[in-house]
Amino acid sequence: MSSSYVRPKIAIIGAGLSGLTLALALHQRGITNITIYEARDKSLDIGGAIMLSPNALKVLDALDVFVHLRPLGFEFESLDFRQSDNAPVDTFEFGSLEKYGYKALRVYRYEIIDALHELVREKEGITIQYGKRFARITSEEGSVTWEFTDGSEASASFLVGADGIHSQVRKHIYPTLEPRFTGAIGVTAAVPTAQLRLPTNYSTPVTIMNRDHGAFVISQQLQDGSECLIGKQRRFPTDLSKQGWVEMLENKDWCINFLREGAEDFPDIVQNAVSHIPKEKINLWPFYVVPKLDTWVSRGSRVVILGDAAHAIPPTAGQGVNQAFEDVYTFAGVFASLSKTGEISQPTLVNGLKSWQAGRQVRIDKVLELNGMIDKRRMPKAGSEAGDEEEKDKFDLSWLYDVDFEQMIVQWAAPKVKSWSPCSLFK
């Protein structure tokens with residue numbers, strides 16, 4: 001290593017699941033000059049429970065996070081699809097201890113963030129600054145410099161936008177791009193499992209399908225399974241403003257009525273599930289996607305976006321956050337490998353990140369295909385679709401869960417570079 005080498009300073013915008021996990025992944029690989037900037041004044045405490053599948057749990061286990069989460073969540077291996085008369089249709093595999101080493105885990109988002117925060121606080125070389133809302137990048141000359149909305153500035157060797165679907169960092173690469181509304185929404189709530197009076201040996205999660213009303217989803221959560229998420233999706237042709245969605249969510253009576261709509265055409269457990277819905281446990285989710293992007297890296301190669309900022313995925317297959325965990329873990333591995341000598345040429349970095357993005361995009365595309373298969377089952381049938389036979393596509397998910405990230409990192413971190421001139425990227 002050159003005696004003039006200066007250890008790279010990495011800035012991460014966003015202290016959510018992606019940003020915190022990225023900091024841990026970079027630190028584990030020896031990159032220890034990291035600052036996370038979060039717009040809010042404290043740790044995030046938003047959203048309900050989310051599903052973590054074996055591909056994400058493999059990442060979290062490698063970072064010593066899984067051991068803290070497992071006692072907090074509900075473990076399961078599959079989701080059953082049933083007809084509205086409760087007759088079984090098929091099964092979607094969410095995990096398998098025998099095949100993949102992990103069952104799936106349903107755990108509250110805030111508990112994951114709390115666990116990540118505790119681990120980040122233990123690491124020397126990682127700091128978090130709250131109340132710092134990113135505004136815009138002003139320079140990529142020699143380093144990356146940006147402004148916050150309070151007028152202050154900061155600089156780093158490299159900046160990562162892990163700031164979600166409405167990413168402000170993304171505007172540096174795509175100034176006019178906006179997430180696209182898919183024309184669908186989901187409404188969920190949490191109710192006591194005892195309220196459903198589940199039949200003996202009736203497993204969850206389960207998706208109960210009805211051609212007129214779509215599908216009703218039930219999924220146990222909490223470590224002992226004593227709480228259930230219930231939810232439905234529907235087509236919703238009008239995109240609303242942020243305030244419009246907030247007002248719609250605040251209309252709890254509308255949400256409750258939607259969940260109860262058509263309940264009489266479902267099995268008794270659905271009618272039981274919607275008999276009492278606590279208003280404070282209701283969530284409404286408009287589904288957005290980010291159009292497929294040519295690049296996740298800025299022209300100057302000092303700014304990168306990942307997670308929802310780069311490829312927001314509707315939650316149909318429960319892979320949104322799982323793919324974000326894949327992003328950050330593999331990015332950390334590729335970046336650390338490229339910079340392990342202490343100096344890195346810009347062409348080498350460009351080629352390495354292109355290889356990383358291309359590999360990640362292959363998996364994102366396959367997840368989107370998977371979402372489409374599931375949506376055909378869950379959404380109400382429209383027009384001529386109503387008479388179609390039920391889709392019988394089978395789900396082969398070994399490609400998704402049985403994955404070797406370390407092998408991917410080695411492959412992506414060794415791209416072929418035809419020609420380059422050595423230079424120090426970090427100054």
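The values are calculated or read from the model by the stated rules, or taken from the named source; none is laboratory data. In this text the structure is predicted, and so the values were computed from the model without any measurement. No Cβ is skipped: glycine too gets one built from the backbone with ideal geometry, and neighbour counts run over all protein chains shown. These area figures cover heavy atoms from the full protein model, side chains too; ligands, DNA and RNA do not enter into them. Shrake-Rupley method; radii C 1.70, N 1.55, O 1.52, S 1.80 Å.
With respect to Ile12, determine if the residue is buried (at least 21 other Cβ atoms within 10 Å of the Cβ), at pLDDT 90 or above, in contact with a helix residue (DSSP H, G or I) (Cβ under 8 Å, 6 or more places away or on another chain) and part of a loop (DSSP other than H, G, I, E, B). So Ile12 does not fit the description; no. Among the residues of segment 189-201, those identified as in a strand (DSSP E or B) and open to solvent by less than 30 Å² (accessible area, probe 1.4 Å) are Ala189, Ala190, Val191. Which one is most open to solvent (accessible area, probe 1.4 Å), of the residues in segment 43-60 that are closer than 13 Å to Tyr401 by Cβ and not in a loop (DSSP other than H, G, I, E, B)? Among them, the one singled out is Lys58. May I ask you to verify whether Thr238 is outside any helix (DSSP H, G or I) and within 30 Å of His68 (Cβ to Cβ)? Answer is no for this residue. Residues in segment 344-390 that are at pLDDT below 65 and in a loop (DSSP other than H, G, I, E, B) were compared, and the one that is surrounded by the fewest Cβ atoms within 10 Å (Cβ to Cβ) is Glu389.
From the list Tyr102, Tyr110, the one residue that fits, being open to solvent by 70 Å² or more (accessible area, probe 1.4 Å) and among the aromatic types (Phe, Trp, Tyr), is Tyr110. Among the candidates Ile50, Ile34, the residue that is under 30 Å from Ser152 (Cα atoms) and out of contact with any Phe, Trp or Tyr (no Cβ under 7 Å at 6 or more places or on another chain) is uniquely Ile34.
If only residues of segment 403-427 that are of a type outside the set (A, V, I, L, M, F, W, C) and modelled with pLDDT of 95 or more are counted, the one that is nearest to Ala156 (Cα to Cα) is Glu406. Applying the criterion of being hydroxyl-bearing (Ser, Thr, Tyr) and crowded, with 17+ Cβ neighbours inside 10 Å to the residues of segment 176-188, the residue that is nearest to Ala273 (Cα to Cα) is Thr188.
Taken over segment 246-263, the criterion of being assigned to a helix (DSSP H, G or I) and open to solvent by 20 Å² or more (accessible area, probe 1.4 Å) is satisfied by Val246, Glu247, Met248, Leu249, Glu250, Lys252, Asp253, Trp254, Asn257, Arg260. When segment 202-236 is filtered for residues that are at pLDDT below 90 and open to solvent by 50 Å² or more (accessible area, probe 1.4 Å), the ones remaining, listed by number, are Arg211, Asp212, Arg234, Arg235. Considering only residues that are in contact with a Lys or Arg (Cβ under 9 Å, 6 or more places away or on another chain) and open to solvent by 10 Å² or more (accessible area, probe 1.4 Å), look in segment 294-307 and name the one that is nearest to Val350 (Cα to Cα). Among them, the one singled out is Val297.
If the condition is being closer than 19 Å to Tyr108 by Cβ and among the polar types (S, T, N, Q), then segment 52-71 contributes only Ser53.
Looking at Val246, Val270, Val217, Val206, can you tell me which residue is farther than 17 Å from Asp85 by Cα and of a type in the set (A, V, I, L, M, F, W, C)? Unique residue meeting the criteria: Val246. Restricting segment 61-76 to residues that are of a type outside the set (A, V, I, L, M, F, W, C) and assigned to a loop (DSSP other than H, G, I, E, B) leaves a set whose member that is most open to solvent (accessible area, probe 1.4 Å) is Asp64. Give segment 77-130 a look and list any residue that's on the phi > 0 side of the Ramachandran plot and either in the same structural domain as Asn33 (by the TED database) or part of a strand (DSSP E or B) (or both), or say none. Within segment 77-130, just Gly125 meets the criteria.
Note on segment 308-343: residues that are among the hydroxyl-bearing types (Ser, Thr, Tyr) and open to solvent by 30 Å² or more (accessible area, probe 1.4 Å) amount to 2. Here Tyr288 passes the criteria (1) touching a Pro at 6+ places or on another chain (Cβ under 7 Å); (2) under 28 Å from Asn86 (Cα atoms) except the one numbered (2).
Taken together, the criteria place Gly186 among residues that are at negative phi, of a type in the set (Gly, Ala, Ser) and either modelled with pLDDT of 95 or more or not assigned by the TED database to the domain that holds Ala310 (or both).
When segment 131-175 is limited to residues that are part of a strand (DSSP E or B) and of a type in the set (Ser, Thr, Tyr), the one that is surrounded by the most Cβ atoms within 10 Å (Cβ to Cβ) turns out to be Thr145.
Residues in segment 306-339 that are closer than 15 Å to Leu17 by Cβ, modelled with pLDDT of 90 or more and of a type in the set (A, V, I, L, M): Leu306, Ala309, Ala310, Val321, Ala324, Val328, Ala332. Considering segment 86-99 alone, what residues qualify as being surrounded by 19 or more Cβ atoms within 10 Å (Cβ to Cβ) and of a type outside the set (A, V, I, L, M, F, W, C)? Glu93, Gly95, listed by residue number. Of all the criteria given as (1) touching a strand residue (DSSP E or B) at 6+ places or on another chain (Cβ under 9 Å); (2) buried (at least 18 other Cβ atoms within 10 Å of the Cβ), the one not satisfied by Gln83 is (2).
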